[in-house]
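The values are calculated or read from the model by the stated rules, or taken from the named source; none is laboratory data. Computed from a predicted structure; not experimentally measured. Because the Cβ atoms are built from the backbone with ideal geometry, glycine has one as well, and the counts that use them run over all protein chains shown.
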């Protein structure tokens, strides 16, 4: 899956948790994209089995879509904390960089960062 698809899934997950329901217009507003761009992306995600759409326009993550969105979100949170605590940068800078990094790191690297953060936490640092 491409970075843009992952961003859409993560956004759907976050909007669903925040608002209780998600429509294309919500995604367009959140990401600052046009409605046609979001509609095209939703069509691709639906075709790949990551989302389902109600006749009313409400968007739901499928089981595989939710699993992928949660994986991406976990990476995002881990990287945000890692960057903020280790690089000692602002929350905003950490968030922005984590958002870009979450899509390109190999799982082995993410696992290593996770181990590092767990060890650091258990040492009380």
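Figures for the structure shown
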quantity: Failed item in (1) assigned to a helix (DSSP H, G or I); (2) touching a residue at least 24 places away in the same chain (Cβ under 8 Å); (3) touching a helix residue (DSSP H, G or I) at 6+ places or on another chain (Cβ under 8 Å); (4) not assigned by TED's automatic domain parsing to the domain that holds residue 112, with residue 37 passing the rest; calculated: (2)
quantity: Scope region 1-32; condition surrounded by 19 or more Cβ atoms within 10 Å (Cβ to Cβ) and without any contact (Cβ under 8 Å) to a residue 12 or more places away in the chain; matching residues; calculated: 26
quantity: Condition met for residue 59 (under 17 Å from the mean Cα position of the chain (by Cα), outside any helix (DSSP H, G or I) and either crowded, with 18+ Cβ neighbours inside 10 Å or modelled with pLDDT of 95 or more (or both)); calculated: yes
quantity: Residue count, region 100-116 (criterion: surrounded by fewer than 17 Cβ atoms within 10 Å (Cβ to Cβ) and either over 23 Å from residue 9 (Cα atoms) or within 15 Å of the chain's Cα centre (by Cα) (or both)); calculated: 6
quantity: Region 61-92, residues that are touching a helix residue (DSSP H, G or I) at 6+ places or on another chain (Cβ under 8 Å) and more than 28 Å from residue 116 (Cα to Cα); calculated: 61, 65
